[in-house]
Structures are given as C-alpha cells and as structure tokens.
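Heads up: the structure comes next, in structure tokens.
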Amino acid sequence: MISGSPSLPHTTPHHRMSLTPGPADALLIIDVQNDFLPGGALAVPEGDAILPVIRQLTPLPFGLIITSQDWHPAQHVSFETATPAGLWPPHCVAGTQGAALAADMTVPADTLAVFKGTQTDQDSYSAFGGADAQGVSLAALLQRHGINRIFLCGLALDYCVQASALDARKAGLETVVLTDACRGIAHDLTPALTALRTAGVILCTSQDLAPDIRN
Ligand code: VGL
Ligand code: ZN
C-alpha cells in the first residue's frame, strides 16, 4: 500500500460507523413496565437490572426518546384466561399499576409514549404495531422527527425487543440493540440474537455509546 494514500470511504467497515447518538437517532425503550419486572404478573428474569443502565442512556443526546407500553384490554386475546390460544397470564391491563412504566426509570419530560396490543382481538409484540395517545403510529413519529437510526433497549429481548428491531429494519432504519440494557424470557437467548444479526441489526452494549456507562 502506498504510504499516505487516502482511505476509501466505501471500504469503511460497517462496524466502524460511529455509535455516538445525535439528532437523527432515537432511543426506543420497550415495555419497561411493572408487570415485566420482578414481582409483576409476567416478570422477566433480572428485568430490574436494566434500570440503572437505562438511566445512564436517557441523558445522551438522542434526537428523540420513545417508550412503548403493552396496553391490553382486560380480556385480551393473548391472555390464557381469555382464550385457549392465549399464551400469557393476564398482564399490562390498560390503566393498571402493572401497565405503568417502572417508577425508578425516570425518562425526560419530552419523551413520547406509544401503546400496543390495545384491541381485544389483536396482539402486537412489535412497538411498530403501536401508536401514541393521538393514534399516530411509531413509524410516523420517527419520520416526523427525521430519525434514521434507532437504538433499542428494554423487555423482553426475545419477544417485544426482537419483534420491534426486526420491524425497524423492515422500515429501513439503521437498527442497534443495546444488549446490556435488555433482558429476555428464554434461558437461551442465542436464537433471538442470531435472528437479529441475520436481519442486519447491530448488537452492541451501552459502553459502545458512552464508555462511562456501568451496569
Ligand atoms: C411481551 C409477552 C407478552 C413483551 C408482551 O413485552 O416482551 N411479552 N406481551
Ligand atoms: Zn402483552
């Protein structure tokens, strides 16, 4: 190689892209709700371990922060008590304490909120199946704010985080899952992580965004 030759931009490896958050980046905090935390109706093992990590992510200069919430009617199709096909114990019933965001997560005042699974006969693991209180879809909110890259964290990695990240890729967004700011339901999360990687989702940790973050 000729000494001093300029490096060619198109040869820059994908993984060398900057992970520093900026105005075109959104942080999507998936379903950090009381029912998915220890003591809740559908507790994710160690779900509370992500709270200190998320508290260190929200001050970073994201262009937009959005929380999603599972927000089900009392007889939701996903409840084993409501239908033989229901897979889950009743959880995150709209307006209950179980559906509230974890009190000690503390998100900035301008954080947007989207709700999903709000119809009795439909479920959506993906936050892209959700909308804000005015009915504006997550995709429209992201577009409105000029977001082209989305960082995901929250619960549960192998259900709602995975489904949301795959939909983000389908929507053409650069998609990053912050694995240390997620916990899953399955003991072995390898299949979920493999599915994400295969779809072009970047897997990294919060330390890759801000070296000071500790968990
Ligand atoms: C979820 C199961 C049922 C999730 C929601 O947020 O990952 N999992 N409903
Ligand atoms: Zn649910």
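The values are calculated or read from the model by the stated rules, or taken from the named source; none is laboratory data. What you are looking at is a predicted structure, and each value in this text was computed from that prediction instead of being measured. For neighbour counting, all protein chains shown are included, and Cβ atoms are generated from backbone atoms with ideal geometry for every residue, glycine included.
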Tally, over the stretch 18-58, of residues that are in contact (Cβ under 8 Å) with a residue 40 or more places away in the chain and in a loop (DSSP other than H, G, I, E, B): 16
Does the stretch 100-107 include one or more residues that are more than 11 Å from Gln33 (Cα to Cα), within 21 Å of the chain's Cα centre (by Cα) and within 13 Å of ligand 2 (Cβ to nearest atom)? no
If you go through the stretch 129-179, how many residues are free of Cβ contacts under 8 Å to residues at least 60 places away in the same chain and either out of contact with any strand residue (DSSP E or B) (no Cβ under 6 Å at 6 or more places or on another chain) or aromatic (Phe, Trp, Tyr) (or both)? 17
Can you tell which of Asp212, Asp104, Asp123 is within 16 Å of ligand 1 (Cβ to nearest atom), at pLDDT below 95, part of a loop (DSSP other than H, G, I, E, B) and not polar (S, T, N, Q)? Asp123
Taking the stretch 206-215 and the residues there that are surrounded by fewer than 21 Cβ atoms within 10 Å (Cβ to Cβ) and touching a strand residue (DSSP E or B) at 6+ places or on another chain (Cβ under 9 Å), the one that is nearest to Ile50 (Cα to Cα) would be Asn215
Free of Cβ contacts under 8 Å to residues at least 12 places away in the same chain, out of contact with any Leu (no Cβ under 8 Å at 6 or more places or on another chain) and within 23 Å of Gln33 (Cα to Cα): is that true of Asp188 in this structure? yes
If you scan the stretch 59-73, which residues turn out to be part of a loop (DSSP other than H, G, I, E, B) and within 13 Å of ligand 2 (Cβ to nearest atom)? Trp71, Pro73
Residue check: is Ile50 under 17 Å from Cys160 (Cα atoms), among the aliphatic types (A, V, I, L, M), buried (at least 21 other Cβ atoms within 10 Å of the Cβ) and in contact with a Cys (Cβ under 7 Å, 6 or more places away or on another chain)? yes
Quick check on this structure: which one of Gly130, Gly117, Gly154, Gly184 is in contact with a Lys or Arg (Cβ under 6 Å, 6 or more places away or on another chain), within 16 Å of ligand 1 (Cβ to nearest atom) and modelled with pLDDT of 95 or more? Gly130
Scan the stretch 61-78 and report the pairs whose first residue is under 10 Å from Pro90 (Cα atoms) and whose second residue is more than 9 Å from ligand 1 (Cβ to nearest atom) and assigned to a strand (DSSP E or B), with Cβ atoms within less than 6 Å and a gap of 6+ or a chain change. His72/Val93; Ala74/Val93
